[in-house]
Amino acid sequence: MTQQILIIGLGQFGMALARALSEKGAEVLAVDLNENLVEEVATYVTEALVLNAAEENELARLDPKKRDACICAIGDDSKEASIICTALLRQMGSPLVVARAVDPMHHRILQLVGAHQVINPEKEFGTRFANRLLYKDVVVVPHLGEELHLTEIKIRPGMVGKNLIELALPKRFGILVAGIRRGSTPKIHQPLPSEPLQENDHLILVSTDAAIPKLTEGDLA
């Protein structure tokens, strides 16, 4: 069943999210006060409206409770509007309210007014990109929550020819191997503990953020 997503705020994050969700087949309703941004997003979303989502009567027109998720992506220029919008979405029965925060205090307030999930795209991207700069074998680092990350890394030379039993990653580094990608293929295989790793393998890891540098810099002998 096609998911129906409401996106409020069409800055860089909201616009990119609207495009990505639409490309993946979601029905996206995108709204913003800026008519030019609404006209731009209208070329690839299901519906786009010029609307003030911090006004209760206007937001109610969008029927948030019928959407699978509502994302308040209002940017830095109007924290007050994002807080009001987030609170109204919860009051109107949205089953999932995701709010974009711009700083720690804003994050706490959004949680207090009822956001199911609060994100800071700039901070999260900065953290992921820092790891990619510092640890050359890290490919991607999606977050699984406040503590855990799903990280894809190219295997280190010291891993080639060894199996997961020999490497003992959970015991030595607190890392679980969730899957293995062979070379450039998109397919992810279930890891077999006794199977030797190959030179072009990528490991899909579940770990804390602190565990990755221990693995990439640690002794694998």
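The values are calculated or read from the model by the stated rules, or taken from the named source; none is laboratory data. Small disclaimer: the values here were computed from a predicted structure and weren't measured. No Cβ is skipped: glycine too gets one built from the backbone with ideal geometry, and neighbour counts run over all protein chains shown.
Would you point out which residue out of Val97, Val118 is surrounded by 19 or more Cβ atoms within 10 Å (Cβ to Cβ), within 16 Å of the chain's Cα centre (by Cα) and modelled with pLDDT of 80 or more?
Details: Val118 fails: surrounded by 19 or more Cβ atoms within 10 Å (Cβ to Cβ).
Result of the check over Val97, Val118: Val97.
I'm trying to understand the selection: among the residues of segment 75-115, which are of a type outside the set (Val, Ile, Thr), outside any helix (DSSP H, G or I) and in contact (Cβ under 8 Å) with a residue 24 or more places away in the chain?
Across segment 75-115, the qualifying residues are Gly75, Met92, Gly93, Ser94, Pro95, Leu96, Ala99, Arg100, Gly114, Ala115.
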Point to revise | Flag if Glu39 is exposed (fewer than 14 other Cβ atoms within 10 Å of the Cβ) and among the charged types (D, E, K, R) | key: yes
Study note, to complete from the structure: If we ask which residues in segment 180-200 are at pLDDT 90 or above and either buried (at least 16 other Cβ atoms within 10 Å of the Cβ) or closer than 13 Å to Glu152 by Cα (or both), their number turns out to be 2
Revision key, fill the gap. Of the residues in segment 20-33 that are part of a helix (DSSP H, G or I) and touching a strand residue (DSSP E or B) at 6+ places or on another chain (Cβ under 9 Å), the one that is farthest from Gly75 (Cα to Cα) is Ser22
Exercise for review: Look through segment 53-68, keep the residues that are under 25 Å from the mean Cα position of the chain (by Cα), in a helix (DSSP H, G or I) and charged (D, E, K, R), and return whichever of them is farthest from Ser94 (Cα to Cα).
Suggested key: Lys66
Study note, to complete from the structure: Residue hits (segment 201-221; loosely packed, with under 13 Cβ neighbours inside 10 Å and under 15 Å from Lys154 (Cα atoms)) are Glu217
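Yes or no: segment 82-94 includes at least one residue that is surrounded by fewer than 19 Cβ atoms within 10 Å (Cβ to Cβ), in contact with a Lys or Arg (Cβ under 7 Å, 6 or more places away or on another chain), on the phi < 0 side of the Ramachandran plot and modelled with pLDDT of 95 or more. Outline the logic, then answer.
Restricting attention to segment 82-94, the residues satisfying the condition of being surrounded by fewer than 19 Cβ atoms within 10 Å (Cβ to Cβ) are 90-93.
Right, trim to in contact with a Lys or Arg (Cβ under 7 Å, 6 or more places away or on another chain) and you get 92-93.
From what's left, on the phi < 0 side of the Ramachandran plot: 92.
The next check asks that each one be modelled with pLDDT of 95 or more; those that pass are 92.
Yes, segment 82-94 contains a residue that is surrounded by fewer than 19 Cβ atoms within 10 Å (Cβ to Cβ), in contact with a Lys or Arg (Cβ under 7 Å, 6 or more places away or on another chain), on the phi < 0 side of the Ramachandran plot and modelled with pLDDT of 95 or more.
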